[in-house]
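The values are calculated or read from the model by the stated rules, or taken from the named source; none is laboratory data. Computed from a predicted model, the values in this text were never measured in an experiment. Here the Cβ positions follow ideal geometry from the backbone for every residue, glycine too, while neighbour counts run over all protein chains shown. Note: areas computed on protein heavy atoms with side chains; ligands, DNA, RNA excluded. Shrake-Rupley method; radii C 1.70, N 1.55, O 1.52, S 1.80 Å.
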Amino acid sequence: MLVLSAATAGPSLVGINRSAGGSGRRRPGEGRGARAVAPAAASTSSAPIKELVAIAEATNRGETLTKEGRAKIDDICSRISAEGSPRPVTKGELSKTWKLVLTTEKETLFITSNAKKWKNLDTDVLQIIDLDAGKLQNLISFDNGAAFVVNSTLDLSEESGRSSFTFTDAQLCLPSKKTFGLPPFGQGWFDTVYVDDRFRLAMDSRGDVLLVENGGEPDFFNAP
């Protein structure tokens, strides 16, 4: 949902390098004192959300997640759903810059894990939503100044809490400032299962789970 299926839209973002790597491109959150995920015990979020944060911290946002770990995530999501979800949400609740805490989406985890494994690059994974503008952006930025960006249109049913998206374009931005456009692909939806002033939990049309942390107002990445 985050990269190839959308919404997905990353962590405890502890240790994530948000440097622009000399590229001159503005990164979402720069200058706003973006923070890492604090210990779950310090949060006022529900106990199941704290469990998911703990899993994220133990598996590096889901990169080392096992089948047993995925089963535990599904069990936690089922418990939250039993309390009544997807829940009605407002445009204001969703329209934020969201920082990845945990995902089960294989495409996103493939990119982040291999960037670290083969190039020793840290990654910052964001999902930026502005429902007044009808826009969703999924961003993976690398600490050498490169970025992978997927833009989509987004529409919210406030009654059901379901958000529907359609990809419009994708871009690979290199540290040299060269940008390569990629064809748009696909559409889908995600349900907001839980949201408070700090965390949002979503499940999408492919069955992936996404937990993100509120990083402030929508702040889109602008390619050169």
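Using a cut-off of 20 Å between alpha-carbon atoms, which lysines can reach LYS116, once sequence neighbours fewer than 8 places away in the same chain are excluded? Partners found: LYS99, LYS106.
As a ratio to 2.2 N^0.38 Å, the alpha-carbon radius of gyration for the stretch 160-224 is 1.39. Sorting 106-116, 208-218, 187-197 by their mean Cβ neighbour count within 10 Å, with the most densely packed peptide first, gives 208-218, 187-197, 106-116. Between THR153 and SER176, the FRET efficiency estimated from the beta carbon spacing at R0 = 35 angstrom works out to 0.75.
What does the charge add up to near PHE110, with Lys and Arg as +1, Asp and Glu as -1, over the other residues with Cβ less than 14 Å from its Cβ? Combined, the nearby Lys, Arg, Asp and Glu give +1. Between ASN214 and ALA71, the distance separating the two model label sites (each 7 Å from Cα on the Cα→Cβ line) works out to 3.5 nm. The residue list ASN120, THR108, PRO184 was ranked by how far each Cα lies along the charge dipole of the stretch 104-202 toward its positive end, using unit charges on Cβ atoms, and ASN120 comes out on top.
Amide H contacts for GLY216 (H built 1.01 Å from N in the peptide plane; partners 5 or more residues away or on another chain; cut-off under 5 Å): THR97. Among LEU52, LEU182, the sequence by solvent-accessible area, most first, with a 1.4 Å probe is LEU182, LEU52. Each Lys and Arg contributes +1 and each Asp and Glu -1, all at the Cβ; summed about the Cα centre of the stretch 81-177, the dipole is approximately 400 debye.
Note on ASP169 and ASP196: the model spin-label points, each 7 Å out from Cα along the C-beta direction, lie 3.9 nm apart. Segment LYS119..GLU83, full-extension length gain: 8.7 nm, with 0.36 nm per residue of separation and the alpha-carbon distance subtracted.
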